[in-house]
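Read-outs throughout are calculated quantities, based only on the coordinates presented, and are distinct from any laboratory measurement. What you see is a predicted model; the values in this text were computed from it and never measured. Neighbour counts run over all protein chains shown; Cβ positions are idealised from the backbone, glycine included.
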Amino acid sequence: MTTTTNHKKRRTRNGDPSGDLRGGPIWTFVAWTVTTIFFLPVAWMVLTSFHNEADAATNPPSPFASLTLSQYSALFDRGVQPYLINSAMASVISTLLVLTLAIPTAYALSVKPVEKWTDVMFFFLSTKFLPAIGALLPIYLIVKYVGMLDNIWTLIVLYTAMNLPIAVWMMRSFLAEVPREILEAAEVDGAGLLRVLWNVVRPIAMPGIAATALICFIFSWNEFLFAVNLTAVRSATAPVFLVGFITSEGLFLARLCAAATLVSLPVLIAGWAAQDKLVRGLSMGAVK
Amino acid sequence: MTTQAEERIDETTQMAQARSGHRWRRRVPLLPALIFTIVVTQLPFVVTIVISFMNWNILRPGSTGFAGLHNYATVFTDERMRAAVVNTIVMTASTVIVSVLIGLGIAVLLDRKFPGRGLARTLLIAPFLVMPVAAALIWKHALYNPDYGLFNGILNWIAQLFGMQGPTVDWISNTPMLAIVACLVWQWTPFMMLILLAGLQSQPGDILEAARVDGATSMQTFRFLTLPHLRRYIELSALLGSIYVLQTFDAVFTITQGGPGTATTNLPYEIYLTMFRKYEYGEAAAAGVVVVIGTILVATFALRTISSLFREEVSA
C-alpha cells in the first residue's frame, strides 16, 4: 500500500480521506469476489501440489484432503535441480550483463544527454517491439553454425538483448531523478567519470537498479520460445523441464502442480517484492 | 526531475561549448549497448529478409537457391498461413479487448480504499507472475480436464447440491480458441489493471474534488473527467498488450498444439511448425518478415502513445 502512492503524493487523491468510501461494503465485496476468482487457479495449483495423486484427481474436487510434501521430494529425486540451475544462470548472468550495458547508456541519455537522445531511446524501445519469432530462424542457424546449440551462454546473450531496451528505459527514468547539482559539485571537485558513477550516482540510483534487475530476471526466467528451440539436454531451463515432464511421464496432476509452483516461485517472490516497479518496466517506462 | 526548459538550456549551452571531440566522449557510454543491440537484434532480421527470398529446405539439399517473391506468394495464398493470420487477429483482439475491460473494472475497484486493498492487489497480479508455460499447463490439466478438472469439478459439486450429476464438458475440444483466450485473459488482465490503476491514481485530486463540490455524481465524474483522462492509458495498455499477445507461443504450444486442425494455430506457432517440422526455411522467413511488418504497424501507434505520455512526464 505504500507502493504507487508514494512518489506522487502531491498530485493524487489517495491522500484524500473524504468521499473514497462511497458505495461502501458492496463494492468491497465485489472487489474481493473478483480477487478470489482471479487468484483461484493459483491457489488451486499450490493446494494440489501438497496433495496425493489420488486426492488431486477427484470429481468433485477434494480441497480438504490430507497434505504431503512427497510431490516436491519426488521432483528433486527426479533431478529438477540442473534445470533450476540453468534457469538461474541464464537469468542472473544476463541480468548482470544487461545492467552493465544499460547503466552507462542510461547515463548518456539522462545525466549527460547526447544530442537527439530521444531518438536513441526510441531506437532501443523499437527493438523490443520486433517479435522474437521473426528472429528465431536466423538465430537458430547462426547458433548452429558456430556450434553454440544447447549452450547456456547462447540464452544469456539472447536474454541480454531481449531485456536491454526495458532496462535502458527504466534506468533512464531513474537516473533522471539524480539531482544535477550533486553531479556538478562532484565534477567541480575533479572526480572522474567512474568515481562519479560509483560514489554519487550509484547510491541514489540503487532502488531503481534493483527494480530493473528484478524485471529483467522475471522476463528471462519465464522465457520459453528460445529456450525450447535452442537447448536440448545440457542447458535446458525450467520451462523446458515443465514441458518435457508432461511428455515423458504421462500425467501426474499433483506432481505437475508441484513443478509449476516450484518454477513459478522465484518470479512470484520477485514480482511481489517489486510490484510498484513492475508497471514501469512492463509499460517500457511510459507509466510510472 | 529537471524541467524541459532547463534541459533545453542545458543542452544548448553545452552544445555551444562542445567541439566534436567532446560530443564523442559523451557518446562513448552509449556505444557498447548500441552495438550489442544492433548485432543481436538487427542483424538476424537482415538474415531473415535474405532467407525469405531463398528456396531453402534442408530435406531437399540440392534445390537451395534464389526464389524471388515465391515465398511471399506462398505466405499470402497458403490455406494454413491464412488461417494463422485470422487466428492471430482473433486471439490477440479478443484477449486484449476483454482483459482491458476487466482490467479497467478491477482498477476502478482498487482505486477506492477498502479493507485489505494492498493484499487484494498483491493477489491479483499473481496470474501475471506465474510462469506462462506453467499457467498454460495448469489451465490445461488442472482446470480444463473433462474428468477431474476444477471447472467441471465445481459444476459437478454445485449440481450434486441439487441431487444431480454434473456435466463432463471437454472445454479444450469443444471451444479450443475460447480455452486459449480465457487463459490469456487471466494472465494479461493484471497487466492492464496495473497500467490503468497508475492512470487513475495520476488524476489531479483538486479537479475531482471540484467536481464533487459542484454536485457531480460519481457516474458523471467518471464519464466526463476520469475516462477522458484515462484514454491514453487505455490506448497504451491495449497497444502494449497487443504487441505482447501477438507473440503468444507458450499457450498455443502447451494447450492445443494449434489444433484441432488449424483452429488455434497462430502465426508464431505456424512459423515454428514451418521451421522445425516442414523445414521450409524460406517460407518461414517470409512469414517472419510479414509478422514483423504487421507488428511495426501496431508498434508505430504504440510508440506515438508512449512518446506523448513521455513528453508529458518530461514537461511535468
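Given the rule -39500 (n - 2.57) for each run of at least 4 DSSP H residues, summed and divided by the residues of chain A, what is its mean residue ellipticity at 222 nm, to the nearest 500 deg cm²/dmol?
Mean residue ellipticity, 222 nm, calculated: -22000 deg cm²/dmol.
Farthest toward the dipole's positive end in chain B, which of B:Gly241, B:Val46, B:Ala211, given Cβ charges of +1 (Lys, Arg) and -1 (Asp, Glu) about the Cα centre?
The Cα lying farthest towards the positive end belongs to B:Val46.
What does the average come to when, for each residue of peptide B:291-302, you count the partner chain Cβ atoms lying within 10 Å of its Cβ?
That works out to 3 on average.
So, in nm, how far is label B:Asp78 from label B:Leu43 when the simple model puts each one 7 Å beyond its Cα toward the Cβ?
In this crude label model, B:Asp78 to B:Leu43 measures out at 2.8 nm.
Within chain B, what's the longest run with no chymotrypsin sites (Phe, Trp or Tyr not before Pro) in a DSSP loop and at most 15 other beta-carbon atoms within 10 Å? Give the range, please.
That gives B:1-161 as the longest site-free run.
Say a paramagnetic label sat at a point 7 Å from the Cα of A:Asp119, along Cα to Cβ; which residues of the stretch A:71-113 have their backbone N under 18 Å from it?
Residues A:108-110, A:113 fall inside that zone.
Extension gain A:Arg234-A:Glu184, at 0.36 nm per residue separation less the Cα-Cα distance, in nm?
13.0 nm
On the principal axes of its Cα set, how long, how wide and how thick is the protein assembly as shown? Give whole Å, largest value first.
Here the Cα extents, ordered largest to smallest, are 80, 76, 48 Å.
Give me the distance in nm between label points sitting 7 Å out from Cα along the Cα-to-Cβ direction at B:Asp170 and A:Ile26, one decimal.
Modelled inter-label distance: 4.4 nm.
Would you mind getting me the FRET efficiency between B:Phe224 and A:Thr36? Use the beta-carbon distance for r and R0 = 41 Å, nearest 0.05.
Result of the calculation: an efficiency of 0.80.
Taking a 28 Å limit on the Cα-Cα distance, which of the listed pairs A:Lys277/B:Lys113; A:Lys128/B:Lys113; B:Lys113/B:Lys140 fall beyond it?
Too far apart for the 28 Å limit: A:Lys128/B:Lys113; B:Lys113/B:Lys140.
Report the gain in length on full extension from B:Ala216 to B:Arg27: 0.36 nm times residue separation, minus Cα-Cα distance, nm rounded to one decimal.
Going from the current span to full extension adds 62.7 nm.
Take B:Ile158 and A:Ala210, extend 7 Å from each Cα along the Cα→Cβ direction, and tell me the distance between the two endpoints in nm.
Modelled inter-label distance: 4.4 nm.
Calculate the dipole size of the stretch B:80-315 relative to its Cα centre from +1 charges on Lys and Arg beta carbons and -1 charges on Asp and Glu beta carbons; express the result in debye to the nearest 20.
Here the size comes out at about 120 debye.
How much length would be gained if the chain were fully extended between A:Asn52 and A:Ala88, taking 0.36 nm per residue of separation minus their Cα-Cα distance, in nm to one decimal?
Result for the pair: 10.1 nm of gain on full extension.
Assign one of three labels to the stretch B:150-307, namely rounded, prolate or oblate, based on the Cα gyration tensor with a ≥ b ≥ c the square roots of its eigenvalues; rounded applies when a/c is under 1.5, prolate when it is not and a/b is larger than b/c, and oblate otherwise.
Judged from the Cα gyration tensor, the stretch B:150-307 comes out oblate (a/c at least 1.5, b/c at or above a/b).
Over chain B, what number does the Rg to Rh ratio reach, with both radii from the alpha-carbon atoms and Rh per Kirkwood?
1.07
Please compute, for peptide B:138-144, the average count of beta-carbon atoms on other protein chains lying within 10 Å of each residue's beta-carbon.
The shielding value for this peptide is 6.
Per 5 Å bin from zero, what fraction in whole % of the C-alpha pairs of the stretch B:206-277 is there, up to the bin with the longest pair?
Histogramming the stretch B:206-277 at 5 Å steps yields 3, 14, 15, 12, 8, 8, 7, 7, 8, 7, 6, 3, 1, 0 percent.
Dividing the alpha-carbon Rg of the stretch A:80-282 by 2.2 N^0.38 Å yields what?
1.17
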